[in-house]
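Colleague: Dropping the structure in here first, questions after.
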Amino acid sequence: MIRALLLTPVLAMLLFAGIYLLTPQAALELPAPRIGYLDTHAHIAGIGAGGSGCFVNAALADSYKFKFYLRGFGVTRADLKEHGDELVARHMNRLIANSKYVRNAVILALDGVIRNNAIDRSITQIYVPNEFVSRMARKYRHLKFGASVHPDRSDWRERLVRAKGEGAVLVKWLPAIMDIDPSDPRHIPYYRTLVKLGLPLLVHVGTERAFSDANDTLGDPRKLTLPLKEGVTVIAAHIATTGKYEGQPSHERLLSMFQEFPNLYADISSLTQINKVGYLVEALKAPGVRERLLYGSDWPLQFFPLVSPFFHWPDIGLRQAKTIQKTKNPWDRDVALKTALGVPRSTFQRSARLLLQ
């Protein structure tokens, strides 16, 4: 019995390897865009090396998750200490420059938790300052500035105006980590300023598992109703996948809002990860949603074991999965996989039209 149990996974691996080797590779013919796609949702971070101002608290920095993220960025902690956090931006820019389909990526700042008009480092898990991100976007041609300004800052208005002047194309909130309630009426002046400046608000909704701790009650998609009613162009990250609110799956809660709010969009970042298989195909079938989807990758979380085209073989077939797996550039591989899952070219083009007009 014990021998049989030990042999089962080995035989399964051999069977998969045989199927992989015997499966022919499909031709990958994707029309290359004339201008290139814009990735709406890409992350950048650091440890504060080289004067970046970035901050990661001890709990996250010492966790397996942060080591995992560094691997995705293609750097080590020693690399950052030697060359500075700018190394992450340089690496991203080089990869995008070599992409056949993607021309630019919005790199996202992330403000901290604000108490008494200052960042409270005792409860802030990660901080990526606007100053660092805007500087990287000015220096590297394929990177665009995604700002982050906490509405509890006393100078939030000045910070938003400054970010817009420095080329910010959107503002990012991660409420469950930043301790922001999007439904709080105190934020109405903030929302009206976003409208005046023409800055969309990219908000993580649904549960959050990328950090060591999160207040998921703040991720309810219905909390976006207030900024939407104030006229803010809201981009719901990841189509609000994962989690439930009032017994309703988070993504279904969001999908029901599209017909009510013409200023609501969602990005398709992270939807190829193993814990989100099937969500993208479902969203593409929902009425009135396909026309509001934007391309996003969730870089750097695009590698195995988080993402593999073989996780999606029932929808794309083994031949296509094998072909996509052999695509070297991570952004091209992401575009190829999402195209195989049915994402139309208009979705990839929409991000640039909305954010770079």
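The values are calculated or read from the model by the stated rules, or taken from the named source; none is laboratory data. What you see is a predicted model, and the numbers here were worked out from it, not measured in a lab. Here the Cβ is made from the backbone with ideal geometry for all residues, glycine too, and neighbour counts use every protein chain on show.
Colleague: Please find, among VAL289, VAL281, VAL307, the residue that is surrounded by fewer than 18 Cβ atoms within 10 Å (Cβ to Cβ) and β-branched (Val, Ile, Thr).
Modeller: Values: VAL289 fails: surrounded by fewer than 18 Cβ atoms within 10 Å (Cβ to Cβ); VAL307 fails: surrounded by fewer than 18 Cβ atoms within 10 Å (Cβ to Cβ).
After applying the criteria, what remains is VAL281.
Colleague: Would you mind telling me which numbered condition in (1) modelled with pLDDT of 95 or more; (2) assigned to a loop (DSSP other than H, G, I, E, B) ALA32 fails?
Modeller: The failed condition is (1).
Colleague: A follow-up question, please. Give the residues of the stretch 204-223 that are among the aliphatic types (A, V, I, L, M) and either surrounded by fewer than 24 Cβ atoms within 10 Å (Cβ to Cβ) or modelled with pLDDT under 95 (or both), sorted by residue number.
Modeller: Residues satisfying the conditions are ALA210, ALA214, LEU218.
Colleague: Looking only at the stretch 330-347, how many residues end up being polar (S, T, N, Q) and outside any helix (DSSP H, G or I)? Steps first, answer last, please.
Modeller: Step one: list which residues in the stretch 330-347 are polar (S, T, N, Q), which gives 339, 346-347.
Next, only the ones that are outside any helix (DSSP H, G or I) stay: none.
Counting residues in the stretch 330-347 that are polar (S, T, N, Q) and outside any helix (DSSP H, G or I) gives 0.
Colleague: Could we say that GLU282 is part of a helix (DSSP H, G or I) and more than 20 Å from VAL106 (Cβ to Cβ) here? Outline the logic, then answer.
Modeller: Numbers: part of a helix (DSSP H, G or I): yes; more than 20 Å from VAL106 (Cβ to Cβ): yes.
It is true that GLU282 is part of a helix (DSSP H, G or I) and more than 20 Å from VAL106 (Cβ to Cβ).
Colleague: Of everything in the stretch 298-340, what is over 30 Å from VAL232 (Cα atoms) and in contact with a His (Cβ under 8 Å, 6 or more places away or on another chain)? Give them in sequence order.
Modeller: Just the residues of the stretch 298-340 that are over 30 Å from VAL232 (Cα atoms), to begin with: 303-330, 332-333, 336-337, 340.
Once the filter is applied, which keeps residues that are over 30 Å from VAL232 (Cα atoms) and in contact with a His (Cβ under 8 Å, 6 or more places away or on another chain), the stretch 298-340 yields ALA321, LEU337, ALA340.
Colleague: Test ALA105 against the stated conditions and say whether it is assigned to a loop (DSSP other than H, G, I, E, B), touching a residue at least 24 places away in the same chain (Cβ under 8 Å), surrounded by 24 or more Cβ atoms within 10 Å (Cβ to Cβ) and small (Gly, Ala, Ser). Talk me through it step by step, then tell me what you get.
Modeller: Working: assigned to a loop (DSSP other than H, G, I, E, B): no; touching a residue at least 24 places away in the same chain (Cβ under 8 Å): yes; surrounded by 24 or more Cβ atoms within 10 Å (Cβ to Cβ): yes; small (Gly, Ala, Ser): yes.
When the stated conditions are applied, ALA105 does not pass them.
Colleague: Out of ARG121, ARG141, I need the residue that is in a loop (DSSP other than H, G, I, E, B) and more than 26 Å from ASP181 (Cβ to Cβ). Which one?
Modeller: Numbers: ARG121 fails: more than 26 Å from ASP181 (Cβ to Cβ).
Exactly one residue qualifies, and that residue is ARG141.
Colleague: Here's a follow-up. Identify, from the list LEU255, LEU228, LEU294, the residue that is more than 18 Å from the chain's Cα centre (by Cα), buried (at least 17 other Cβ atoms within 10 Å of the Cβ) and within 17 Å of VAL171 (Cα to Cα). Reasoning before the result, please.
Modeller: Numbers: LEU255 fails: within 17 Å of VAL171 (Cα to Cα); LEU294 fails: more than 18 Å from the chain's Cα centre (by Cα).
From the options LEU255, LEU228, LEU294, the qualifying one is LEU228.
Colleague: Which of (1) in contact (Cβ under 8 Å) with a residue 12 or more places away in the chain; (2) part of a helix (DSSP H, G or I); (3) closer than 22 Å to ASP152 by Cβ is the odd one out, the single condition ILE235 does not satisfy?
Modeller: ILE235 satisfies all of (1) in contact (Cβ under 8 Å) with a residue 12 or more places away in the chain; (2) part of a helix (DSSP H, G or I); (3) closer than 22 Å to ASP152 by Cβ except (2).
Colleague: Search the stretch 299-336 for residues being more than 16 Å from the chain's Cα centre (by Cα) and among the aliphatic types (A, V, I, L, M), and hand back the single one that is farthest from LEU38 (Cα to Cα).
Modeller: Out of the qualifying residues, it is LEU318.
Colleague: Additional query: Given (1) out of contact with any helix residue (DSSP H, G or I) (no Cβ under 8 Å at 6 or more places or on another chain); (2) surrounded by fewer than 23 Cβ atoms within 10 Å (Cβ to Cβ); (3) closer than 18 Å to ALA45 by Cα; (4) modelled with pLDDT of 95 or more, identify the lone condition not met by ILE123.
Modeller: Tallying (1) out of contact with any helix residue (DSSP H, G or I) (no Cβ under 8 Å at 6 or more places or on another chain); (2) surrounded by fewer than 23 Cβ atoms within 10 Å (Cβ to Cβ); (3) closer than 18 Å to ALA45 by Cα; (4) modelled with pLDDT of 95 or more, ILE123 fails exactly one: (4).
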